[in-house]
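> Questions regarding the structure given below will be posed in turn.
The values are calculated or read from the model by the stated rules, or taken from the named source; none is laboratory data. Computed from a predicted model, the values in this text were never measured in an experiment. Neighbour counts are summed over all protein chains in view; Cβ atoms, including those assigned to glycine, are modelled from backbone coordinates with ideal geometry. The accessibility values were calculated without ligands, DNA or RNA, using every heavy atom of the protein model including side chains. Shrake-Rupley method; radii C 1.70, N 1.55, O 1.52, S 1.80 Å.
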Amino acid sequence: MLPGLKGCERSKGHTWLWVKRVHRWAPPHPVPLSQGRLPGLRVKYVLLVWLGIFVGSWMVYVHYSSYSELCRGHVCQVVICDQYQKGIISGSVCQDLCELQKVEWRTCLSSAPGQQVYSGLWQDKEVTIKCGIEEALNSKAWPDAVPRRELVLFDKPTRGTSIKEFREMTLSFLKANLGDLPSLPALVDQILLMADFNKDSRVSLAEAKSVWALLQRNEFLLLLSLQEKEHASRLLGYCGDLYLTESIPHGSWHGAVLLPALRPLLPSVLHRALQQWFGPAWPWRAKIAIGLLEFVEELFHGSYGTFYMCETTLANVGYTATYDFKMADLQQVAPEATVRRFLQGRHCEQSSDCIYGRDCRAPCDKLMRQCKGDLIQPNLAKVCELLRDYLLPGAPADLYEELGKQLRTCTTLSGLASQVEAHHSLVLSHLKTLLWREISNTNYS
């Protein structure tokens, strides 16, 4: 072979190409690409399957442990019925709950172990069952749970207490929690009337103990105070400190979509996105929002004083089949007197030390290093922050700008909550009028 000329020769099954004395080796049969990558792909698939099994097992474990921790209605029923059979408590639901088994427990809706919440059925009505079991859950041994509950929760009034003494005791309790209001004696009469569930014109010790235990439940006290308002659930019956309210057919989207234990884990952006996907159409949302604004009005200087919303989230936005607003949970609505008593004089370094609930914030007097009793942000400002994310997405184009402007004005309401009454009422009225004008002549009204 002459230098510089192309040529080839075969040697032991291989072909050598000669190009200007440059050697290149080319295999006669290239290895297929799929065969070369197959072992690596198999390893990846095995890893993915193993990871999926691990994550799935972990989710099942978390679901089971969360459910068993949050959903303990059976414990609640056992404790309540034990007290009923001993004659310590009574109530309009006791016989159906403990003897006739006519209260049906359905879906667990609890978001905290100490407050059991279930959907249920009683007397052919959809109901919500609520019961507190803090004492039983905190006991180290189950046999000690019932006696401890009896001693701590059902300890008042004591044997020998007269009806007059019980009336005065109840009035003092209401004054401490709602303030010294002229309407409280009438509320005491309603409580005593409710205690006498069998209408025998007398209040037994078991009836008095049951009502007293119920009054220690913040939501029950709120239900009594707001029972004449259309946006609070109606109380249907009780047994000890277990009580039944009318069911709210539709809660917020995550009430049906997520487990209670997983709700706090979602970021707010995802909350808003899912609300838009699963929530009702915009005109219905406008009607629900009007009901929420009316509820804010009801909380402001009502018959039994002023109340503060101390956890303003979509989780509390419920509505009926006709899209009328219902407050899904009153646990974080607190009387002004209770909030003041908690905050006033409390040691603080900054305003973040002066918080009741989740978002009832008071100013901190840095000179005295004590919290003041008045709240910085009124109910309406917090509700309007909520409505910006609830109403603006999907709002009609001709309404969007004006609605956004009014909601921004509303969210900037500041100053002490007790000093914004006039401006508060004006802004609220403008918002309701704007929304009603948009839906009043349509099927959505």
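> Please work out if ALA362 is surrounded by 18 or more Cβ atoms within 10 Å (Cβ to Cβ), at pLDDT 90 or above and more than 22 Å from LEU187 (Cβ to Cβ). Steps first, please.
On the way: surrounded by 18 or more Cβ atoms within 10 Å (Cβ to Cβ): yes; at pLDDT 90 or above: yes; more than 22 Å from LEU187 (Cβ to Cβ): yes.
Taking the combined requirement at face value, the residue satisfies it.
> Here's a follow-up. Within the stretch 435-444, can one find any residue that is acidic (Asp, Glu) and surrounded by fewer than 17 Cβ atoms within 10 Å (Cβ to Cβ)?
Looking through the stretch 435-444, none of the residues is acidic (Asp, Glu) and surrounded by fewer than 17 Cβ atoms within 10 Å (Cβ to Cβ).
> Residues in the stretch 222-239: is at least one modelled with pLDDT of 90 or more, surrounded by 20 or more Cβ atoms within 10 Å (Cβ to Cβ), of a type in the set (Phe, Trp, Tyr) and within 20 Å of the chain's Cα centre (by Cα)?
No, because not a single residue in the stretch 222-239 is modelled with pLDDT of 90 or more, surrounded by 20 or more Cβ atoms within 10 Å (Cβ to Cβ), of a type in the set (Phe, Trp, Tyr) and within 20 Å of the chain's Cα centre (by Cα).
> Count, please, the residues in the stretch 184-197 that happen to be more than 30 Å from the chain's Cα centre (by Cα), part of a helix (DSSP H, G or I) and under 29 Å from ASP82 (Cβ atoms).
The total comes to 2.
> Right, another one. Run down CYS384, CYS354, CYS410 and say which single residue is at pLDDT 90 or above and touching a strand residue (DSSP E or B) at 6+ places or on another chain (Cβ under 8 Å).
Details: CYS384 fails: touching a strand residue (DSSP E or B) at 6+ places or on another chain (Cβ under 8 Å); CYS410 fails: touching a strand residue (DSSP E or B) at 6+ places or on another chain (Cβ under 8 Å).
Within the list CYS384, CYS354, CYS410, the selection yields CYS354.
> Can you name the residue in the stretch 75-111 that is open to solvent by less than 40 Å² (accessible area, probe 1.4 Å) and part of a strand (DSSP E or B) and is also farthest from ASN316 (Cα to Cα) among such residues?
Here the residue is VAL103.
> What number of residues within the stretch 390-405 satisfy the criterion of being surrounded by fewer than 17 Cβ atoms within 10 Å (Cβ to Cβ) and either in contact with a helix residue (DSSP H, G or I) (Cβ under 8 Å, 6 or more places away or on another chain) or at pLDDT below 85 (or both)?
6
> Of the numbered conditions (1) over 12 Å from the mean Cα position of the chain (by Cα); (2) in a loop (DSSP other than H, G, I, E, B); (3) within 23 Å of CYS131 (Cβ to Cβ), GLN331 fails exactly one; give the number of that condition.
Unmet for GLN331, out of (1) over 12 Å from the mean Cα position of the chain (by Cα); (2) in a loop (DSSP other than H, G, I, E, B); (3) within 23 Å of CYS131 (Cβ to Cβ): (1).
> So is LEU171 modelled with pLDDT under 95, under 21 Å from GLY302 (Cβ atoms) and not charged (D, E, K, R) or not? Don't jump to the end; show me each part of the working.
Numbers: modelled with pLDDT under 95: no; under 21 Å from GLY302 (Cβ atoms): yes; not charged (D, E, K, R): yes.
Considered against the rule, which asks whether it is modelled with pLDDT under 95, under 21 Å from GLY302 (Cβ atoms) and not charged (D, E, K, R), LEU171 comes out as no.
> From the residues in the stretch 123-145 that are surrounded by fewer than 18 Cβ atoms within 10 Å (Cβ to Cβ) and of a type in the set (A, V, I, L, M, F, W, C), which one is modelled with the highest pLDDT?
LEU137
> Also, quick follow-up: Just give me the residues in the stretch 289-307 being open to solvent by less than 10 Å² (accessible area, probe 1.4 Å) and assigned to a strand (DSSP E or B), in sequence order.
Hit for the stretch 289-307 is PHE307, nothing else.
> Any residue at all in the stretch 410-418 that's of a type in the set (S, T, N, Q), in a helix (DSSP H, G or I), touching a residue at least 40 places away in the same chain (Cβ under 8 Å) and at negative phi?
So far as the stretch 410-418 goes, yes, one or more of its residues are of a type in the set (S, T, N, Q), in a helix (DSSP H, G or I), touching a residue at least 40 places away in the same chain (Cβ under 8 Å) and at negative phi.
> Restricting the first residue to the stretch 369-394 and requiring it to be among the hydroxyl-bearing types (Ser, Thr, Tyr), which pairs with a second residue that is not in a helix (DSSP H, G or I) meet a Cβ separation below 9 Å and a spacing of at least six or different chains?
Close Cβ pairs satisfying both conditions: TYR390/GLY279; TYR390/VAL317.
The rows are residues; the columns are (1) part of a loop (DSSP other than H, G, I, E, B); (2) open to solvent by less than 30 Å² (accessible area, probe 1.4 Å); (3) touching a strand residue (DSSP E or B) at 6+ places or on another chain (Cβ under 6 Å); (4) under 22 Å from ALA334 (Cα atoms).
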| position | (1), (2), (3), (4) |
| --- | --- |
| ALA176 | no, no, no, yes |
| PRO182 | yes, no, no, yes |
| LYS199 | yes, no, no, no |
| VAL211 | no, yes, no, yes |
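> Here is a check on your reading of the model: is LEU380 touching a His at 6+ places or on another chain (Cβ under 6 Å) and not charged (D, E, K, R)?
Yes.
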